[in-house]
Amino acid sequence: MQSVVYDENDVEKFLEVQDMIDETSDRVILDKLLHVQNKISIIANIDSDDLRAIVYDLKFINYKYRDFVIKEGDVSREIFFILSGECQVFVKKKKVGVLQKGKAFGESAAIFNTKRNASVVCSSKEGATLLSFSIDHENMDFCAEALAKIYKNLAYQINTKLESMNQALAK
């Protein structure tokens, strides 16, 4: 699997609806997500109808500088995609990485319903805007192929992240 590279214009299309957060329906946000789905590695190459069936609770969230997006040890089902700004990743209070616009995180805990293995904090002084969404595990039988692709994408991402964290911890 190749590294996913996002198109800045696709991210900008998400930001076009940012000002309408209160008026934006899940369907509109989902349509935007489908437009850039192949830029988000965890949901890349999934049939759009299947993705519609398994993705829910889509929302735009604005974080201020130093706000926690997720905390190590928490349990939640949200996956995040950074639309603007930057976040830092901490494991046991040690900085292990930086996530910038176009990056997704939170996949493994959301998919496997486990505790978060890292904390993620907004590190942009001007704040950050993230797209948050969840995967519906109740549709596993109906969308088995889509979930299999998610698990395959996730395995690749976990491996990549573990290699990066190991390198950061070795320093």
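Only the coordinates and a few stated rules stand behind these numbers; no lab work does. In this text, all values refer to a predicted model and were calculated from it rather than measured experimentally. So basically every Cβ, Gly included, is an ideal-geometry build from the backbone, and we count neighbours across all protein chains shown.
Structure values in brief
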item	result
Segment LYS59-HIS137, length gained on full extension (0.36 nm per residue, minus Cα span)	26.2 nm
Under 5 Å, built H, 5+ apart or other chain: amide partners of LYS101	GLY85
Amide proton proximity set for VAL96, modelled H, under 5 Å, gap of 5+	VAL89, PHE90, VAL91
Total formal charge among the other residues, if their Cβ is under 14 angstrom from that of GLY73, Lys/Arg +1 and Asp/Glu -1	+3
Expected-Rg normalisation [2.2 N^0.38 Å, Cα atoms] applied to the stretch 55-171	1.07
Where GluC sites (Glu not before Pro) fall in DSSP loop in the stretch 94-171, at most 15 other Cβ within 10 Å	GLU126
Gain upon complete extension [LYS152, ASP47; 0.36 nm per residue less C-alpha separation]	36.3 nm
Förster radius 30 Å - calculated FRET efficiency between VAL28 and LYS93, Cβ distance, rounded to 0.05	0.20
